[in-house]
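Asker: First the structure, then my questions, so here it is.
Just so it is clear, none of the values below were taken in a lab; they were calculated from the coordinates. Everything numeric here is computed off the predicted structure, so don't read it as measured data. Quick reminder, even Gly has a Cβ in these numbers, built from the backbone with ideal geometry, and neighbours come from all protein chains shown.
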Amino acid sequence: MQTLTVALADRAYPIHIGRGLLGRAELILPHLKTRRVAIVTNDTVGPLYLEVLRTALEQAGVKVSTVSLPDGEAFKDWETLNRIFDMLLAERCERSTTLVALGGGVVGDMGGFAAACYQRGMPFIQIPTTLLAQVDSSVGGKTAINHPLGKNMIGAFYQPRLVLADIDTLATLPDRELSAGLAEVIKYGLIRDPVFLEWLEANLDRLVVRDPDALAYAIERSCRNKAEVVVADETEQGERALLNLGHTFGHAIETGLGYGEWLHGEAVAAGTLMAAELSRRLGWLSDADVGRIEALFVRAKLPVWGPSLGAARYLELMSHDKKVEAGRLRLVLLRELGRAVIHGDAAQAELVAAIEARCR
Ligand code: NAD
Ligand code: GLY
């Protein structure tokens with residue numbers, strides 16, 4: 001097991017990464033306020049992993065309540081969030097009860113938001129079971145639900161007390177979901193870690209076949225990058241926005257097609273190439289640089305073209321982005337491979353051209 005720390009002073013917390021961690025209650029116990037836990041999972045992950053976690057906690061003397069949500073991005077909404085509150089109240093959970101989110105990013109984001117709201121804040125633990133959640137969404141305290149007009153628009157910054165990433169859970173992950181997680185892994189290389197980018201170019205095929213050593217390395221390196229950014233800028237006043245490379249375009253794809261049609265990571269991949277194309281038009285990336293990004297996504301079995309929603313529809317959807325300031329769209333672009341910047345001055349015509357060039 002490897003352990004990193006998200007060094008947020010009195011709210012610092014560990015990220016444990018390794019195999020066979022789900023049944024190790026001793027890793028969880030030190031982070032509980034009382035021996036009372038409410039586990040939030042979903043109808044896919046629950047049947048696979050809830051029992052081993054629940055049994056380990058109960059054998060350690062912890063009283064456990066559970067709720068299983070319907071599976072899917074389409075259920076990341078108010079109505080489904082309310083089911084968590086229904087369970088917490090029906091089971092008489094207290095402010096000192098710890099909410100444990102067992103699942104992918106949807107369960108983690110919703111469980112975290114519920115924990116932030118219930119009795120104005122209860123302790124919270126993330127047990128991510130997708131690659132995307134293990135390298136990104138479980139770390140850093142962004143929690144949210146979607147609104148029909150925009151993704152992740154209702155939420156809170158609320159840090160967990162522990163992240164427990166059991167790599168063995170990735171064995172049951174569908175191939176398409178593994179690929180979606182790789183989009184966020186590649187992101188770290190592109191925005192701030194050129195050495196990791198080169199490692200990915202050399203080792204991506206090992207990740208695609210789920211080599212455990214390669215996965216452990218990529219998860220640890222990704223979490224290290226994420227933790228550094230979160231510590232530097234917890235509430236996204238600056239640097240943290242760089243983690244959203246490809247996301248402004250990607251969120252437009254997700255919202256425009258309807259939540260759940262494309263996976264988040266798939267939309268991020270196509271969106272990253274739109275950002276790369278705009279960076280190329282600004283003279284920051286070469287054709288060869290864009291080709292390197294595209295080749296990595298192709299090897300990761302990710303889409304490299306966006307859906308043809310029409311540039312006007314993209315712009316309309318992108319205007320709801322959280323990085324919009326005083327009505328001005330601010331985009332994460334690549335100054336070079338391994339170095340992202342925020343850019344608020346892209347000419348509309350260039351933006352439209354970049355979108356159109358990357359749609360099919
Ligand atoms: P997800 O939670 O929908 O999980 C993907 C699918 O895999 C689901 O069907 C899920 O039930 C299933 N699954 C999960 N673990 C499994 C396992 N071990 N074996 C088999 N199936 C399993 O999607 P995701 O990609 O994990 O997360 C995407 C969400 O995360 C989006 O809503 C996105 O907005 C959010 N996100 C949040 C942050 C953040 O910082 N909070 C960062 C990135 C993404
Ligand atoms: N996934 C983007 C962030 O955590 O800031």
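Asker: Between rounded, prolate and oblate, where does region 294-360 land on the alpha carbon gyration tensor, with a ≥ b ≥ c its root eigenvalues, rounded for a/c under 1.5, else prolate if a/b exceeds b/c? Could you put the intermediate results ahead of the total?
Answerer: On the way: a/c = 2.01, a/b = 1.27, b/c = 1.58.
Because a/c hits 1.5 or more and a/b fails to exceed b/c, region 294-360 counts as oblate.
Asker: Also, quick follow-up: How do 320-330, 125-135, 236-246, 178-188 rank on mean C-beta neighbours within 10 Å, highest first?
Answerer: On the way: 320-330: 13.5, 125-135: 28.8, 236-246: 19.4, 178-188: 26.7.
Peptide ranking by packing, descending: 125-135, 178-188, 236-246, 320-330.
Asker: Taking only DSSP H segments of four or more residues, each worth -39500 (n - 2.57), what value at 222 nm results for the chain once the sum is divided by all its residues, to the nearest 500 deg cm²/dmol? Intermediate results must be reported in sequence, preceding the final value.
Answerer: Numbers: 12 runs with 153 residues, N = 360.
Per the formula, -13500 deg cm²/dmol.
Asker: Take peptides 7-20, 30-43 and line them up by average Cβ neighbours within 10 Å, highest first, as a rough protection proxy. Intermediate results must be reported in sequence, preceding the final value.
Answerer: Values: 7-20: 15.0, 30-43: 19.4.
Averaged packing, sorted descending, gives the order 30-43, 7-20.
Asker: Calculate the spin-label point distance for Met153 paired with Ala347, positioning each point 7 Å from the Cα along the beta-carbon direction, and give it in nanometres.
Answerer: Modelled inter-label distance: 3.2 nm.
Asker: Under a point spin-label approximation (7 Å from Cα along Cα-to-Cβ), what is the Met1-Val195 distance to one decimal in nm?
Answerer: If labels sit at Met1 and Val195, their model points lie 2.7 nm apart.
Asker: Also, I was wondering about something else. Once the Cα atoms of helix 212-232 and of the chain are each reduced to a long axis, what angle between those two axes, in degrees from 0 to 90 to the nearest 10, is obtained?
Answerer: Value to nearest ten degrees: 80.
Asker: Next question, about the same structure. Of Ala90, Ile186, Gly23, whose Cα points farthest to the positive end of the dipole of the chain (charges on the beta-carbon: +1 Lys, Arg; -1 Asp, Glu; origin at the Cα centre)?
Answerer: Ala90
Asker: Still on this structure, I have one more. Which entries of Lys33/Lys63; Lys33/Lys76; Lys142/Lys323; Lys142/Lys301; Lys33/Lys151 have Cα-Cα distances beyond 23 Å here? Please report the intermediate quantities before stating the final value.
Answerer: Details: Lys33/Lys63 13 Å; Lys33/Lys76 28 Å; Lys142/Lys323 15 Å; Lys142/Lys301 27 Å; Lys33/Lys151 33 Å.
Correct reply: Lys33/Lys76; Lys142/Lys301; Lys33/Lys151.
Asker: For the chain, take the longest principal axis of its alpha carbons; what is the angle in degrees between that and the long axis of helix 348-357, to the nearest 10 within 0 to 90?
Answerer: 80
Asker: Calculate the length of the line joining the C-alpha centroid of region 126-154 to that of region 292-360, in whole Å.
Answerer: 21
Asker: If a/c stays under 1.5 just call it rounded; otherwise compare a/b with b/c (prolate if a/b is bigger, oblate if not). Do that for region 1-138, with a ≥ b ≥ c from the square roots of the Cα gyration tensor eigenvalues. Before the final figure, lay out the partial values.
Answerer: On the way: a/c = 1.27, a/b = 1.16, b/c = 1.09.
Cα axes put region 1-138 in the rounded bin.
Asker: Another one. Relative to the longest principal Cα axis of the chain, at what angle does helix 105-117 sit, 0 to 90 degrees, rounded to 10?
Answerer: Computed tilt is about 60 degrees.
Asker: Something else about it: With the Cα gyration tensor of region 179-293 giving a ≥ b ≥ c as the square roots of its eigenvalues, does the rule (a/c under 1.5 for rounded; else a/b larger than b/c for prolate; else oblate) give rounded, prolate or oblate? Kindly include the intermediate steps, with their values, before the conclusion.
Answerer: On the way: a/c = 1.22, a/b = 1.19, b/c = 1.02.
Taking the square roots of the gyration eigenvalues as a ≥ b ≥ c, region 179-293 is rounded.
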